[in-house]
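Working notes, structure below.
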(Lines give C-alpha, C1' and ligand atoms only; values in the text may rest on other atoms or scores of the structure.)
Protein backbone atom coordinates (compact mmCIF):
# COMPACT_ATOMS: atom_id res chain seq x y z
CA UNK A 1 0.00 0.00 0.00
CA UNK A 2 1.34 3.42 -0.99
CA UNK A 3 1.16 6.07 1.69
CA UNK A 4 -0.95 9.17 1.03
CA UNK A 5 0.64 12.56 1.37
CA UNK A 6 -1.38 13.02 4.58
CA UNK A 7 0.21 9.83 5.94
CA UNK A 8 3.64 11.14 4.96
CA UNK A 9 2.98 14.54 6.56
CA UNK A 10 1.89 12.93 9.83
CA UNK A 11 4.92 10.63 9.80
CA UNK A 12 7.17 13.62 9.17
CA UNK A 13 5.65 15.51 12.09
CA UNK A 14 5.83 12.47 14.37
CA UNK A 15 9.46 11.71 13.49
CA UNK A 16 10.48 15.34 14.00
CA UNK A 17 8.59 15.36 17.29
CA UNK A 18 10.50 12.41 18.70
CA UNK A 19 13.72 13.50 17.00
CA UNK A 20 13.97 10.35 14.88
CA UNK A 21 16.43 11.68 12.30
CA UNK A 22 16.69 8.57 10.15
CA UNK A 23 12.94 8.07 9.86
CA UNK A 24 12.42 11.76 9.06
CA UNK A 25 15.11 11.81 6.38
CA UNK A 26 13.85 8.52 4.95
CA UNK A 27 10.50 10.09 4.09
CA UNK A 28 12.07 12.29 1.40
CA UNK A 29 12.86 11.46 -2.22
CA UNK A 30 16.51 12.01 -3.20
CA UNK A 31 15.67 15.20 -5.13
CA UNK A 32 13.26 16.69 -2.56
CA UNK A 33 13.31 20.25 -1.25
CA UNK A 34 12.62 21.65 2.22
CA UNK A 35 11.75 25.34 2.44
CA UNK A 36 11.28 26.18 6.12
CA UNK A 37 10.38 28.99 6.04
CA UNK A 38 9.68 29.79 2.40
CA UNK A 39 11.87 32.62 1.10
CA UNK A 40 15.00 34.25 2.47
CA UNK A 41 15.49 33.89 6.23
CA UNK A 42 18.10 33.32 8.90
CA UNK A 43 17.73 29.59 8.16
CA UNK A 44 18.14 30.03 4.39
CA UNK A 45 19.63 33.42 3.46
CA UNK A 46 19.34 32.78 -0.30
CA UNK A 47 15.72 31.65 0.07
CA UNK A 48 16.15 28.77 -2.35
CA UNK A 49 15.41 25.94 0.05
CA UNK A 50 17.43 22.91 1.05
CA UNK A 51 17.57 20.63 -2.01
CA UNK A 52 18.63 17.00 -2.05
CA UNK A 53 19.38 14.46 0.65
CA UNK A 54 22.58 16.08 1.91
CA UNK A 55 21.09 19.55 2.23
CA UNK A 56 17.96 18.21 3.92
CA UNK A 57 20.11 16.27 6.40
CA UNK A 58 22.11 19.43 7.13
CA UNK A 59 18.83 21.33 7.70
CA UNK A 60 17.70 18.63 10.14
CA UNK A 61 20.98 18.83 12.06
CA UNK A 62 20.97 22.64 12.18
CA UNK A 63 17.30 23.15 13.05
CA UNK A 64 15.29 20.13 14.19
CA UNK A 65 18.26 18.44 15.83
CA UNK A 66 19.01 21.52 17.93
CA UNK A 67 15.64 21.89 19.65
CA UNK A 68 14.80 19.90 22.76
CA UNK A 69 11.20 19.12 21.75
CA UNK A 70 8.82 19.75 18.84
CA UNK A 71 5.07 19.34 18.98
CA UNK A 72 2.63 19.83 16.13
CA UNK A 73 -0.93 21.01 16.65
CA UNK A 74 -2.76 20.80 13.31
CA UNK A 75 -5.93 22.91 13.37
CA UNK A 76 -7.05 22.32 9.77
CA UNK A 77 -5.82 20.17 6.93
CA UNK A 78 -6.60 20.35 3.21
CA UNK A 79 -5.76 17.34 1.03
CA UNK A 80 -5.64 17.91 -2.75
CA UNK A 81 -4.24 15.05 -4.83
CA UNK A 82 -0.60 14.50 -3.90
CA UNK A 83 -0.42 17.69 -1.84
CA UNK A 84 -1.63 18.74 1.58
CA UNK A 85 -1.74 22.07 3.41
CA UNK A 86 -1.79 21.89 7.20
CA UNK A 87 -2.72 24.98 9.17
CA UNK A 88 -1.48 24.89 12.72
CA UNK A 89 1.07 25.54 15.39
CA UNK A 90 4.49 24.15 16.18
CA UNK A 91 5.46 24.23 19.85
CA UNK A 92 9.19 24.07 20.56
CA UNK A 93 11.23 23.69 23.72
CA UNK A 94 14.55 25.36 23.06
CA UNK A 95 17.92 24.77 24.69
CA UNK A 96 18.25 26.77 27.89
CA UNK A 97 14.60 26.37 28.88
CA UNK A 98 12.86 28.88 26.63
CA UNK A 99 9.96 28.02 24.35
CA UNK A 100 8.77 29.14 20.93
CA UNK A 101 5.40 28.96 19.21
CA UNK A 102 5.31 29.09 15.41
CA UNK A 103 1.95 29.56 13.68
CA UNK A 104 1.78 28.84 9.98
CA UNK A 105 0.77 26.83 6.97
CA UNK A 106 2.83 23.73 6.31
CA UNK A 107 2.57 22.11 2.89
CA UNK A 108 3.77 18.71 1.76
CA UNK A 109 3.89 17.22 -1.74
CA UNK A 110 4.46 13.55 -2.49
CA UNK A 111 5.70 11.88 -5.65
CA UNK A 112 2.68 9.54 -5.52
CA UNK A 113 5.02 6.64 -4.75
CA UNK A 114 5.40 7.04 -1.01
CA UNK A 115 8.07 9.76 -0.78
CA UNK A 116 7.92 13.47 -0.06
CA UNK A 117 9.28 15.74 -2.79
CA UNK A 118 8.55 19.03 -1.02
CA UNK A 119 7.97 20.38 2.46
CA UNK A 120 7.23 24.11 2.49
CA UNK A 121 6.53 26.05 5.67
CA UNK A 122 4.90 29.47 5.55
CA UNK A 123 5.58 31.36 8.78
CA UNK A 124 7.13 34.66 9.85
CA UNK A 125 10.15 35.09 12.11
CA UNK A 126 8.70 38.34 13.50
CA UNK A 127 5.53 36.52 14.56
CA UNK A 128 7.26 33.71 16.52
CA UNK A 129 6.15 33.81 20.16
CA UNK A 130 9.05 33.28 22.58
CA UNK A 131 8.70 32.67 26.30
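With the checklist (1) under 17 Å from residue 107 (Cβ atoms); (2) modelled with pLDDT of 95 or more in hand, flag the one item residue 3 doesn't pass.
All conditions are met except number (2).
What residue, of 47, 39, 26, is over 25 Å from residue 129 (Cα atoms), at pLDDT 95 or above and loosely packed, with under 14 Cβ neighbours inside 10 Å?
26
Based on what the data block shows, is residue 112 touching a residue at least 40 places away in the same chain (Cβ under 8 Å), surrounded by fewer than 14 Cβ atoms within 10 Å (Cβ to Cβ) and more than 25 Å from residue 129 (Cα to Cα)?
yes
Please work out which residue is surrounded by the fewest Cβ atoms within 10 Å (Cβ to Cβ), limiting yourself to the range 78-108 and to residues that are under 20 Å from residue 27 (Cα atoms) and touching a helix residue (DSSP H, G or I) at 6+ places or on another chain (Cβ under 7 Å).
79
Give the residues of the range 21-48 that are touching a helix residue (DSSP H, G or I) at 6+ places or on another chain (Cβ under 8 Å) and free of Cβ contacts under 8 Å to residues at least 40 places away in the same chain, sorted by residue number.
23, 25, 30, 43
Kindly provide the set of residues from the range 59-74 that are touching a residue at least 40 places away in the same chain (Cβ under 8 Å) and under 11 Å from the mean Cα position of the chain (by Cα), ordered by number.
Once the filter is applied, which keeps residues that are touching a residue at least 40 places away in the same chain (Cβ under 8 Å) and under 11 Å from the mean Cα position of the chain (by Cα), the range 59-74 yields 64, 70, 72.
Can you pull out the residues in the range 1-12 that are in contact (Cβ under 8 Å) with a residue 60 or more places away in the chain and more than 24 Å from residue 73 (Cβ to Cβ)?
2
Go through (1) in contact (Cβ under 8 Å) with a residue 12 or more places away in the chain; (2) crowded, with 17+ Cβ neighbours inside 10 Å; (3) in contact with a strand residue (DSSP E or B) (Cβ under 8 Å, 6 or more places away or on another chain) for residue 15 and report which single condition fails.
(3)
Being over 21 Å from residue 127 (Cβ atoms), buried (at least 16 other Cβ atoms within 10 Å of the Cβ) and either at pLDDT 95 or above or within 16 Å of the chain's Cα centre (by Cα) (or both): is that true of residue 56 here?
The answer is yes for residue 56.
The values are calculated or read from the model by the stated rules, or taken from the named source; none is laboratory data. Fair warning: this is a prediction, and the values are worked out from it, not measured in the lab. Note that each Cβ is placed from the backbone with ideal geometry, even for glycine, and that neighbours are counted across all protein chains shown.
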